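Peer 1: Here it is, the structure in full.
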Amino acid sequence: MEQETKGRTGRRRRTRDGGDTPQRQTNYRQLRNPFPQMPVFSDDQIAAMHDTALQMLEELGIKVLLPEARKIFARAGARVDETTEMVYLGRDIIAEALSTAPRSITARAATRERDLLLELGSLTFQCGAGAPHATDLERGRRPGSGRDFREFVQIVQHFDVLHLMPPVVEPQDIETNIRHYFTMEAQLTLSDKLPFVFSRGTPQVTESFELLRDFRGLTDDDFQSDPHCYTIINTNSPRVLDTPMAQGLIDFAKHRQLSIVTPFTLMGAMAPITVAGAVTLSHAEALAAIALTQMTNPGAPVMYGTFTSNVDMKSGAPAFGTPEHFKASLAAGQMARLLGLPWRCAGGSAANVNDAQAANESQFALWGCLMAGATTIIHAAGWLEGGLTVSYEKIITDIEVLQMVAEMCAPTAAGPDEIALDAHREVMPSGHFFGCQHTMARYQTEFYQPLVADWSNFGSWTENGSRTASERATDIWKKILRDDVRPPLDEAKVEAMHRDIAKRTAAGGAPPES
């Protein structure tokens, strides 16, 4: 059976006889979270955690390794100890900074249909990102390469339910001084979604901004009027803001591009072992990083974030998709709502292969994010080994779940046509609705059609080779790469970008340093 993979709204499925049948029309590109937000702590407890975070910043401080960042904090009134590199932030300083952080952000993609509205209540997904390894059933586990990076861009581009273009794997066969050229070129030529820029020093960030600005045909003012790319900023817990991350916050804020602030705290390791203690530390670090963006450029787009889970106390290894991970996500949502800021949360799995453990952990983590009201859910598809690997097959099997979530975001009609009194009149007692007019008019579009799930009975499944979900997922990603569908491009702009990259490469590129 030849089958098209459904990745975009209104895609059509090819049938056995070669004809086309209509698909259900669901908008996967602009989603609103329909689920009630679930608290894990009382309002008084959240207020106490917030107050403690402010007390930590004021009395214990945060270590800031970048001298420029310490100067910015000092100009805003913070107490700075240059000998220890510690910065002490008063409550009034944090309050002033938070007052200018935007509550709603419009991030601009290549086309307006791909633009993202980032605010409390909106919902966006990103697949697994930043992994050093890639894996699939045919080629096995391997260090991430340029080929893997480009293939993942094509796969992410295919599915509307993935809204941001992430750095799925590190292309380790590309030299670090020119790697930012490679990743930007791949994102701009293979995708029209919001691109990612690594914060690896001002030279690389500036060049990435210039390549993006010129390829989009923007003036400097146009580029800075709205964010056209994003980065992820991780703190070094406990209470350290290192040089590249601080520089990234400053660089992105100066150009009014989007920073997603994400302390990565693991309970029992670099954070207290309790959910409340870990979330309080994460909150304090996020407040300091957000404050730096606003001190640099008031109104600069920035998102609150957290990535808090626990470790296996027997081995020290990170664990994801646990009850503690779920609870930490809920608490982070309460903190974000307290501030009123759009925010990111994260899924993920510690499993080593795309098996039942991987599915269970990813889905449990995903539901924690959904119940917490996250604006952007990172690592929502494909993540294995606690982020060391992204799996081609797991991206596909996880997208099945994300598409079903997206279907649940769509309104469910219940007018007279849907209540269907005429159908009840037509079907007699003990009859069936298979052939009634109401069913025949809707059977091709009423239900979500699975991407990778197999609903055939055991006999049919056995006759077709007894293939697993991962094996079927392999067929899907291979077909996406074989079809090689790309967004419309202005070839003159592509050629101009290639000439620019060649010139910059000949000049030695840019080192990944501030």
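The values are calculated or read from the model by the stated rules, or taken from the named source; none is laboratory data. Keep in mind the model is a prediction, meaning the values are calculated, not measured. Positions of Cβ are generated from backbone atoms using ideal geometry, with glycine treated the same way; all protein chains shown enter the neighbour counts. The protein model used for the area step is the full one, side chains on, heavy atoms only, and it has no ligands, DNA or RNA in it. Shrake-Rupley method; radii C 1.70, N 1.55, O 1.52, S 1.80 Å.
Peer 1: Return the total of residues in region 35-49 being open to solvent by less than 90 Å² (accessible area, probe 1.4 Å) and within 22 Å of the chain's Cα centre (by Cα).
Peer 2: Residues flagged as open to solvent by less than 90 Å² (accessible area, probe 1.4 Å) and within 22 Å of the chain's Cα centre (by Cα) within region 35-49 amount to 2.
Peer 1: Hey, could you check region 186-235 for residues that are without any contact (Cβ under 8 Å) to a residue 24 or more places away in the chain and not in a helix (DSSP H, G or I) and say which is least open to solvent (accessible area, probe 1.4 Å)?
Peer 2: 218
Peer 1: Among the listed residues 441, 410, 453, 414, identify the single one that is small (Gly, Ala, Ser) and either surrounded by 14 or more Cβ atoms within 10 Å (Cβ to Cβ) or touching a Phe, Trp or Tyr at 6+ places or on another chain (Cβ under 7 Å) (or both). Full working, then the answer.
Peer 2: On the way: 441 fails: either surrounded by 14 or more Cβ atoms within 10 Å (Cβ to Cβ) or touching a Phe, Trp or Tyr at 6+ places or on another chain (Cβ under 7 Å) (or both); 453 fails: either surrounded by 14 or more Cβ atoms within 10 Å (Cβ to Cβ) or touching a Phe, Trp or Tyr at 6+ places or on another chain (Cβ under 7 Å) (or both); 414 fails: either surrounded by 14 or more Cβ atoms within 10 Å (Cβ to Cβ) or touching a Phe, Trp or Tyr at 6+ places or on another chain (Cβ under 7 Å) (or both).
Every option except 410 fails the conditions.
Peer 1: Return the only residue of 102, 67 being at pLDDT 95 or above and open to solvent by less than 40 Å² (accessible area, probe 1.4 Å).
Peer 2: Working: 67 fails: open to solvent by less than 40 Å² (accessible area, probe 1.4 Å).
It is 102.
Peer 1: Okay, next question. Applying the selection to region 360-379, what residues are open to solvent by 10 Å² or more (accessible area, probe 1.4 Å) and in contact (Cβ under 8 Å) with a residue 40 or more places away in the chain?
Peer 2: 361, 362, 363, 364, 367, 371, 379
Peer 1: Next question. Say whether the condition of being modelled with pLDDT under 95, of a type outside the set (Val, Ile, Thr), open to solvent by 40 Å² or more (accessible area, probe 1.4 Å) and under 24 Å from residue 128 (Cα atoms) is met by at least one residue in region 254-265.
Peer 2: yes
Peer 1: Given the conditions (1) surrounded by 15 or more Cβ atoms within 10 Å (Cβ to Cβ); (2) among the charged types (D, E, K, R); (3) under 38 Å from the mean Cα position of the chain (by Cα); (4) over 25 Å from residue 135 (Cα atoms), which single one is not true for residue 426?
Peer 2: Of the numbered conditions (1) surrounded by 15 or more Cβ atoms within 10 Å (Cβ to Cβ); (2) among the charged types (D, E, K, R); (3) under 38 Å from the mean Cα position of the chain (by Cα); (4) over 25 Å from residue 135 (Cα atoms), the odd one out for residue 426 is (3).
Peer 1: Given (1) open to solvent by 10 Å² or more (accessible area, probe 1.4 Å); (2) under 23 Å from residue 49 (Cα atoms); (3) without any contact (Cβ under 8 Å) to a residue 60 or more places away in the chain, identify the lone condition not met by residue 350.
Peer 2: Failing condition for residue 350: (2).
Peer 1: Is it true that some residue in region 457-476 is in contact with a His (Cβ under 8 Å, 6 or more places away or on another chain), surrounded by 10 or more Cβ atoms within 10 Å (Cβ to Cβ) and closer than 22 Å to residue 138 by Cα? Give the steps one after another, and end with the answer.
Peer 2: Filtering region 457-476 down to residues in contact with a His (Cβ under 8 Å, 6 or more places away or on another chain) leaves none.
Taking every residue of region 457-476 in turn, none turns out to be in contact with a His (Cβ under 8 Å, 6 or more places away or on another chain), surrounded by 10 or more Cβ atoms within 10 Å (Cβ to Cβ) and closer than 22 Å to residue 138 by Cα.
Peer 1: I'd like to check something: does region 482-499 contain any residue that is open to solvent by 60 Å² or more (accessible area, probe 1.4 Å), outside any helix (DSSP H, G or I), under 30 Å from residue 206 (Cα atoms) and acidic (Asp, Glu)?
Peer 2: Yes, because at least one residue in region 482-499 is open to solvent by 60 Å² or more (accessible area, probe 1.4 Å), outside any helix (DSSP H, G or I), under 30 Å from residue 206 (Cα atoms) and acidic (Asp, Glu).
Residue-by-condition table, conditions (1) more than 22 Å from residue 481 (Cβ to Cβ); (2) modelled with pLDDT under 95; (3) in a helix (DSSP H, G or I); (4) within 34 Å of the chain's Cα centre (by Cα):
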position: 395; (1), (2), (3), (4): no, no, yes, yes
position: 402; (1), (2), (3), (4): no, no, yes, yes
position: 405; (1), (2), (3), (4): yes, no, yes, yes
position: 414; (1), (2), (3), (4): yes, no, no, yes
position: 432; (1), (2), (3), (4): yes, no, no, no
position: 444; (1), (2), (3), (4): yes, yes, no, yes
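Peer 1: Any idea how many residues of region 267-315 are open to solvent by less than 10 Å² (accessible area, probe 1.4 Å), outside any strand (DSSP E or B) and modelled with pLDDT under 95?
Peer 2: Residues meeting the conditions: 1.
Peer 1: Only one of 319, 351 is at pLDDT below 95, more than 16 Å from residue 166 (Cβ to Cβ) and not aromatic (Phe, Trp, Tyr). Can you tell me which?
Peer 2: On the way: 351 fails: at pLDDT below 95.
Answer to the check: 319.
Peer 1: Please identify the pairs in which a residue from region 66-84 that is within 17 Å of residue 289 (Cβ to Cβ) has its Cβ atom under 6 Å from the Cβ atom of a residue that is of a type in the set (Asp, Glu) and open to solvent by 70 Å² or more (accessible area, probe 1.4 Å), counting only partners at least 6 apart or on another chain.
Peer 2: So the pair list comes out empty.
Peer 1: Quick one: in region 121-149, of everything that is open to solvent by 10 Å² or more (accessible area, probe 1.4 Å) and in contact with a Ser or Thr (Cβ under 9 Å, 6 or more places away or on another chain), which residue is farthest from residue 404 (Cα to Cα)?
Peer 2: In the first step, residues of region 121-149 are kept if they are open to solvent by 10 Å² or more (accessible area, probe 1.4 Å); the result is 121, 129-130, 132-133, 135, 137-143, 145, 147.
Cutting the leftovers down to in contact with a Ser or Thr (Cβ under 9 Å, 6 or more places away or on another chain) gives us 121, 132-133, 135, 137-138, 141-142.
On the way: 121: 18, 132: 29, 133: 28, 135: 25, 137: 25, 138: 27, 141: 29, 142: 31 Å.
Per the stated criteria, the residue is 142.
Peer 1: Can you tell me which of (1) under 30 Å from residue 190 (Cα atoms); (2) open to solvent by less than 50 Å² (accessible area, probe 1.4 Å) is the one residue 29 doesn't meet?
Peer 2: Answer for residue 29: the failing condition is (2).
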